[in-house]
1. Using the alpha-carbon centroid of each, what span in Å lies between segment 18-92 and segment 107-140?
2. Test of understanding: ordering 279, 108, 87 by Cβ neighbours within 10 Å, fewest first, what list do you get?
3. Whole Å is fine, so just give me how far the alpha carbon centre of segment 255-298 lies from that of segment 177-211.
4. Within 10 Å of each residue's Cβ, count the other Cβ atoms and sort 53, 95, 104 from fewest upward.
5. State, to one decimal in nm, how far the label point of residue 244 lies from the label point of residue 294, with both points 7 Å from Cα in the Cβ direction.
6. Would you mind getting me the FRET efficiency between residue 89 and residue 341? Use the beta-carbon distance for r and R0 = 30 Å, nearest 0.05.
7. Contour minus end-to-end for residue 175 and residue 115, with contour as 0.36 nm per residue of separation and end-to-end as the Cα-Cα distance?
8. Can you give me the three principal axis dimensions of the chain from its C-alpha atoms, in Å, biggest first?
């Protein structure tokens, strides 16, 4: 692919024929997408700033994030594969076969490397997970703007990944001894490598900005541009601007969790835009227009039941060798990462 093709204004010239009269550039509507992009971004920054300015509230904010957003966002993944008999049957291995394997791998990693291994795997894997979500949503916006299903935008892809890489290198160079009150290992990274990574990310952003300005003059997709900018901004704030690793993590975690709930609901709403589907009675009902709040409430109720039960069950078991509660919670996280990667990549096939 030539440099001119990579820097071509959005939408790419060879994809213009894919546009039609009903192409809007929004995932759902300007109002919904504004809340999804700008509202969620402002929410994460505001709550994160509150935790920074009033450290006494940090613990309360984290608990609220877990119960109101993090746990429901995990359940939201399973609305795609477990809310009806047909989907559960088709994805039986993800639901029944994979969890024991993930638990075994998580327990083994903890046994071999201790809590520091588990915490390190979580921090770096969740960063990749967040980045992959941004990559997938950016592609969804691109399709909404008229791009072909298999079209690529290499410049935007590079920008989306460049800033998290810069952020991770910066965190590794800091060598924080702990993340979320647990020991963390980071590879030794020289300052020069961080500077080079930052220079590359900023240069890519400059090229992307120039191309975007040209695209705006030609009617480029607004949702696509706003979303990519929100990803760049929240990554820069969370990994570079905020010195403390845990406070930085809180901002991007709030952003990721809330954003995922909105995105999965919008996907389900498109799937059931024809109305109630009796083969998917619950999911189709809570995915109708105006029911995003109901959808979030259902995810909250299910997640609360699951995590309260998990807490009671692990409290009855004592383990002097392994931190069982931490292993169980990270097993759910890691399983969610794997399931999320599979179901979105196989979206067309299923």
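1. After rounding, the separation between the Cα centres reads 18 Å.
2. Values: 279 10, 108 13, 87 20.
Neighbour counts put them in this order, fewest first: 279, 108, 87.
3. Each part's Cα centre sits 36 Å from the other's.
4. Numbers: 53 8, 95 17, 104 11.
Going from sparsest to densest Cβ surroundings: 53, 104, 95.
5. It works out to 4.1 nm between the two label points.
6. Efficiency for this residue pair is about 0.90.
7. Values: separation 60, 0.36 × 60 = 21.60 nm, distance 1.69 nm.
Extra length from residue 175 to residue 115 when fully extended: 19.9 nm.
8. Over the chain, Cα extents along the principal axes are 64, 59, 38 Å.
Computed from the coordinates by the stated procedures, all read-outs in this text should not be read as laboratory data. Just so it is clear, the structure is predicted and the values come from calculations on it, not from any experiment. Heads up, the Cβs are rebuilt from the backbone with ideal geometry, glycines too, and the neighbour counts pull from every protein chain shown.
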